[in-house]
Amino acid sequence: MANVEQPVAHPSGASTISVLMPRAEGLVIPFAALLAGSLAFSLFLLLVGKSPVTFFGLVWMAGFSTAFSWQNTLSQVAPLLFAALCVALPARLGLVVIGGEGAIVLGGLAAGVAGTQATGWPPAAGLGFMALCAMALGVGWIASIGALRIKRGVNETIASLLMAYIAIALFNHLVEGPFRDPASLNKPSTLPLTEGLRIGEMPLISAHWGVLVGILACIACWVLIERTTLGFAARIAGDNLRAAQVQGLPVGRLVVGFTALGGAFAGLAGFFEVAAVHGSANGSLIAGYGYTGILVAFLARHNPLAIIPVAILLGGFAASSGLIQRRMDLPDATILVFQGMIFVAILLSETVYGRFKIFTPAYWEVR
Amino acid sequence: MTDFSAISRRRFLGSSAALAGATAMGGVLGAGSALAQTPLTVGFIYVGPKGDFGYNQAHAEGAAAVKAMPGVTVLEEENVPESVDVKNTMESMINFDSATLIFPTSFGYFNPHILELAPKFPNVRFQHAGGLWTPDNPANIGSYFGYIGMGQYLNGVAAGHASVTKKIGFVAAKPIPQVVNNINSFLLGARSVDPSITCQVIFTGEWSLAVKEAEATNALCDQGCDVITCHVDGPKVVCETAAGRGAFVCGYHADQTALAGDKYLTGAEWNWARVYTGMIETVQSGGTIDNFVRGGLAENFIKMSPLGPAVSDAGRAQFEATKAEIMAGGFAAYKGPLKDNTGAEVVPAGGSLIETDVAIESIGYLVEGVIGSTS
């Protein structure tokens, strides 16, 4: 950027760049924050006498270098995509919903129980029924948080977090009680799904279909938010609730609708975990994807398209956690510290938007 | 997916002659004989932190003993959830570090994760802690477990002698057969000293939930229980809280003497160091580990913590005598006539359940004298 401080007065070039630069702000600042977080973490590694070069080399090797690395990375991505959408969609309306974990485990339970009812159905019908049940429970759980916000003014952040605890307790009770497979002695689970109701891996890449559905869901949500009047209304309501109300926008319905959509995706995450990974609903579903999804959504600045690369990046970090433990003799929390530093850097970077003149169209206008 | 790294692929091809008969058992033998010359890489996977004074630490102590053996490289990974994560960790150990023997030590790793991975890597041996292997599972999977209920019975004997209030307490994670058997054994051990003793049990609902474990321990102390034991993943909180309240402590999983000091009576510990070094020796000498291995005190699968200073001479004598009886084999903690705590007869007069009885593995009732309910 240094050599373009004195813009040349080419009308056509200047106008293109004056359009591009404001858009570049949304890319340059997150990348700079990513870099800053990585540098801070490198300092931390140096302080404890470990090599940052080895660290990032191992992240690359375990997360992205071979076919197996990608398999490992992508296997984490599907639930992160859905969990992040459950945060990002309400966030566009200004709601901070952090309880997606609850909808994921209940969605998984619904899928597992529906699957036991759908034994013997054609696979497509059975899987569709399971997915519908999972989404229905997810919608009910998260949309009720949106409704509480609108109708009763209950803080959605606290409500969603506490409802996640309730969901997990309810899940444990139901899996250990009414829906327990009597044969699952020491690890209470619902009845195992029949082979026809399991979701397999996609051709060529060793990751289940949930990854593709998750990516398509992100694209669809981006279209919804950026290219439809509904999304436009939601963005207005998110930027200024009062203004949206004054304009006569249906804020209440938007809030309930967007939280419902987020909940549906969280339920789908549970569905894919049960149908593609575990084969029944059990305690292993409570794996914290809902909470990592919060990180993904914030890193993506609640842009559904950005969720895709961020989820892949975090999937790669998670995939490398084991190798870093084994090769560098660092505790498993190392990757969490790294993620935490990046998270803080990204949050701090939120405050610098609009502060750099080179990202303003005026800077590039012909003077 | 098959092997990705060149080394594993070479090894795979090398042992494929042995595999031609499609017996994975042959694959294990092939790997074993190849490894007699090359160093053996062994992976250990823990579900929680390896310094938890409990379940995971017991396994990590076993891994440490393996680390001290010649010709072995040990890989360890802690805090691996029972999700797709453990599958990735196992594959990563195989692909990046050429591990040929893996010990995934948590119960929930077995189904579906180990079951799905084992057929893809026929020349890798998966040794699962939990005792879940059945003959229709792949032959390159092994499963092992110990009869630790006997350890809780001995805990009960020590507790029976130490208790003044005749009330003892048990902090339990989940009402599953293994835990239920430990609760019953603890009380039955105590009742072998004094049949009037009762045991209050509190289930926390989670394997690791420090706040609830502390609350449960305090509640038991408030109710007058003066000896406390537990079955949670990390007994640290229970031990420290109970000792702090002045109650005696019986340990579980690992040695917790350091946490409870003079209040520590004894503890039921895993002896994975003996089990693991034995299994590695088998592989190094070209042998095959049995697919299904179980053992108790006599087989060195479990051991007892050294008796603490608070154990009386009478307690010490009965403890040692009972231990000798268990070592001799065929010991029964459950002797008829025995009722459960709702009054229904569970073992008729003259009947008994010895430590190896399979009925214990699906046990769902709490015996008479246990105050609490599994639902």
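The values are calculated or read from the model by the stated rules, or taken from the named source; none is laboratory data. Here the structure is a predicted model, which means the values were calculated and not measured. No Cβ is skipped: glycine too gets one built from the backbone with ideal geometry, and neighbour counts run over all protein chains shown.
Every residue, every condition in (1) modelled with pLDDT of 95 or more; (2) assigned to a helix (DSSP H, G or I); (3) among the acidic types (Asp, Glu), yes or no:
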| position | (1), (2), (3) |
| --- | --- |
| A:Trp141 | yes, yes, no |
| A:Ile145 | yes, yes, no |
| A:Lys151 | no, yes, no |
| A:Thr157 | yes, yes, no |
| A:Ser160 | yes, yes, no |
| A:Val175 | no, yes, no |
| A:Pro178 | no, no, no |
| A:Ala183 | no, no, no |
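Taking into account only those residues within the range B:279-301 that are buried (at least 16 other Cβ atoms within 10 Å of the Cβ) and in a helix (DSSP H, G or I), which is nearest to the chain's Cα centre (by Cα)?
That would be B:Met279.
Of all residues in the range B:354-369, how many are at pLDDT 95 or above and more than 22 Å from A:Gly177 (Cα to Cα)?
Here is the first cut: in the range B:354-369, the residues at pLDDT 95 or above are B:365-369.
Pick out the ones that are also more than 22 Å from A:Gly177 (Cα to Cα) and you get B:368-369.
Within the range B:354-369, residues that are at pLDDT 95 or above and more than 22 Å from A:Gly177 (Cα to Cα) number 2.
Of A:Cys133, A:Cys86, which residue is within 13 Å of A:Val274 (Cα to Cα) and either more than 17 Å from the chain's Cα centre (by Cα) or assigned by TED's automatic domain parsing to the domain that holds A:His278 (or both)?
Numbers: A:Cys86 fails: within 13 Å of A:Val274 (Cα to Cα).
Matching residue, one of A:Cys133, A:Cys86: A:Cys133.
Search the range A:205-222 for residues being assigned to a loop (DSSP other than H, G, I, E, B) and within 11 Å of chain B (Cβ to nearest Cβ), and hand back the single one that is surrounded by the most Cβ atoms within 10 Å (Cβ to Cβ).
Out of the qualifying residues, it is A:Ala207.
Within the range A:185-204, how many residues turn out to be in a helix (DSSP H, G or I) and touching a residue at least 40 places away in the same chain (Cβ under 8 Å)?
Of the residues in the range A:185-204, the ones in a helix (DSSP H, G or I) are A:195-197.
Keeping just the survivors that are touching a residue at least 40 places away in the same chain (Cβ under 8 Å) gives A:196-197.
Going through the range A:185-204 one residue at a time, the tally reaches 2.
Anything in the range B:336-358 that is out of contact with any Phe, Trp or Tyr (no Cβ under 9 Å at 6 or more places or on another chain), closer than 22 Å to B:Tyr147 by Cα and exposed (fewer than 15 other Cβ atoms within 10 Å of the Cβ)? List them, or say none.
B:Val358
Pull up the range B:52-97, narrow it to residues that are more than 12 Å from chain A (Cβ to nearest Cβ) and outside any helix (DSSP H, G or I), then point me to the one that is surrounded by the most Cβ atoms within 10 Å (Cβ to Cβ).
Among residues in the range B:52-97 that are more than 12 Å from chain A (Cβ to nearest Cβ) and outside any helix (DSSP H, G or I), the one surrounded by the most Cβ atoms within 10 Å (Cβ to Cβ) is B:Gly54.
Condition first: in a loop (DSSP other than H, G, I, E, B), more than 14 Å from chain B (Cβ to nearest Cβ) and under 25 Å from A:Leu137 (Cα atoms). Now tell me which residues in the range A:266-302 satisfy that. Explain how you work it out, then say what you get.
Our first condition is that a residue be in a loop (DSSP other than H, G, I, E, B); within the range A:266-302, this holds for A:279-281, A:286-288, A:300-302.
Restricting the remaining residues to those that are more than 14 Å from chain B (Cβ to nearest Cβ) gives A:300-302.
The answer is A:His302, and nothing else.
Give me the residue from the range A:107-126 that is touching a residue at least 24 places away in the same chain (Cβ under 8 Å) and buried (at least 23 other Cβ atoms within 10 Å of the Cβ) and, out of that set, farthest from A:Ala164 (Cα to Cα).
Only one residue fits best here, namely A:Gly115.
Any residue in the range A:304-320 that is surrounded by fewer than 19 Cβ atoms within 10 Å (Cβ to Cβ), modelled with pLDDT of 90 or more and in contact with a Phe, Trp or Tyr (Cβ under 9 Å, 6 or more places away or on another chain)?
Yes, some residue in the range A:304-320 is surrounded by fewer than 19 Cβ atoms within 10 Å (Cβ to Cβ), modelled with pLDDT of 90 or more and in contact with a Phe, Trp or Tyr (Cβ under 9 Å, 6 or more places away or on another chain).
Among the residues of the range A:161-215, write down those that are small (Gly, Ala, Ser) and either outside the structural domain of A:Leu81 (by TED's automatic domain parsing) or touching a Leu at 6+ places or on another chain (Cβ under 7 Å) (or both).
Correct list: A:Ala167, A:Ala207, A:Gly214.
Restricting to the range B:190-206, give me the number of residues that are within 19 Å of the chain's Cα centre (by Cα) and in contact (Cβ under 8 Å) with a residue 60 or more places away in the chain.
1
Which count do you get for residues in the range A:37-87 that are closer than 16 Å to A:Ala207 by Cα and not in a helix (DSSP H, G or I)?
Residues flagged as closer than 16 Å to A:Ala207 by Cα and not in a helix (DSSP H, G or I) within the range A:37-87 amount to 1.
Return the residues of the range B:191-236 that are buried (at least 24 other Cβ atoms within 10 Å of the Cβ) and assigned to a helix (DSSP H, G or I); say none if nothing qualifies.
B:Glu213, B:Ala216, B:Thr217, B:Leu220
Of the residues B:Leu154, B:Leu117, B:Leu101, which single one is farther than 26 Å from B:Ile302 by Cβ and touching a Lys or Arg at 6+ places or on another chain (Cβ under 7 Å)?
One residue alone meets the criteria, B:Leu117.
Could you pull out the residue among B:Ala333, B:Ala314 that is surrounded by 18 or more Cβ atoms within 10 Å (Cβ to Cβ), touching a helix residue (DSSP H, G or I) at 6+ places or on another chain (Cβ under 7 Å), away from chain A (no Cβ under 14 Å) and of a type in the set (Gly, Ala, Ser)?
On the way: B:Ala314 fails: surrounded by 18 or more Cβ atoms within 10 Å (Cβ to Cβ).
None of the others qualify; the one that does is B:Ala333.
How do the pairs read when you match residues in the range B:129-154 that are within 14 Å of chain A (Cβ to nearest Cβ) with residues anywhere that are part of a helix (DSSP H, G or I), using Cβ under 6 Å and keeping only pairs 6 or more apart or on different chains?
Sorted first by the residue in the range B:129-154, then by its partner, the pairs are B:Gly130/B:Phe107; B:Gly130/B:Phe110; B:Leu132/B:Phe110; B:Gly149/B:Asn181; B:Gly149/B:Asn182; B:Gly149/B:Ser185.
Here are some residues: B:Val293, B:Val283, B:Val232, B:Val275. Which one is more than 26 Å from B:Thr41 (Cα to Cα) and among the aliphatic types (A, V, I, L, M)?
Working: B:Val293 fails: more than 26 Å from B:Thr41 (Cα to Cα); B:Val283 fails: more than 26 Å from B:Thr41 (Cα to Cα); B:Val275 fails: more than 26 Å from B:Thr41 (Cα to Cα).
Checking each option against the conditions leaves just B:Val232.
Limited to the range B:275-295, what total is found for residues that are out of contact with any Ser or Thr (no Cβ under 8 Å at 6 or more places or on another chain) and hydroxyl-bearing (Ser, Thr, Tyr)? Walk me through it before giving the result.
The first filter runs over the range B:275-295 and keeps only residues out of contact with any Ser or Thr (no Cβ under 8 Å at 6 or more places or on another chain), leaving B:275-281, B:283-285, B:287, B:290, B:295.
Filter again for hydroxyl-bearing (Ser, Thr, Tyr), leaving B:276-277, B:285.
Total satisfying the criteria: 3.
Can you tell me which residue is surrounded by the most Cβ atoms within 10 Å (Cβ to Cβ) among those in the range A:322-333 that are touching a residue at least 40 places away in the same chain (Cβ under 8 Å) and assigned to a helix (DSSP H, G or I)?
Among residues in the range A:322-333 that are touching a residue at least 40 places away in the same chain (Cβ under 8 Å) and assigned to a helix (DSSP H, G or I), the one surrounded by the most Cβ atoms within 10 Å (Cβ to Cβ) is A:Gly322.
Test of understanding: among A:Tyr363, A:Tyr353, which residue is of a type outside the set (A, V, I, L, M), more than 19 Å from the chain's Cα centre (by Cα), away from chain B (no Cβ under 12 Å) and surrounded by 14 or more Cβ atoms within 10 Å (Cβ to Cβ)? Steps first, answer last, please.
Numbers: A:Tyr353 fails: surrounded by 14 or more Cβ atoms within 10 Å (Cβ to Cβ).
Exactly one residue qualifies, and that residue is A:Tyr363.
Which residues, counting only those in the range A:177-187, are at the interface with chain B (Cβ under 7 Å from one of its Cβ atoms) and either hydroxyl-bearing (Ser, Thr, Tyr) or buried (at least 20 other Cβ atoms within 10 Å of the Cβ) (or both)?
Matches in the range A:177-187: A:Lys187 only.
Anything in the range A:59-69 that is over 18 Å from A:Ile335 (Cα atoms) and either crowded, with 24+ Cβ neighbours inside 10 Å or touching a helix residue (DSSP H, G or I) at 6+ places or on another chain (Cβ under 8 Å) (or both)? List them, or say none.
Correct list: A:Thr66, A:Phe68.
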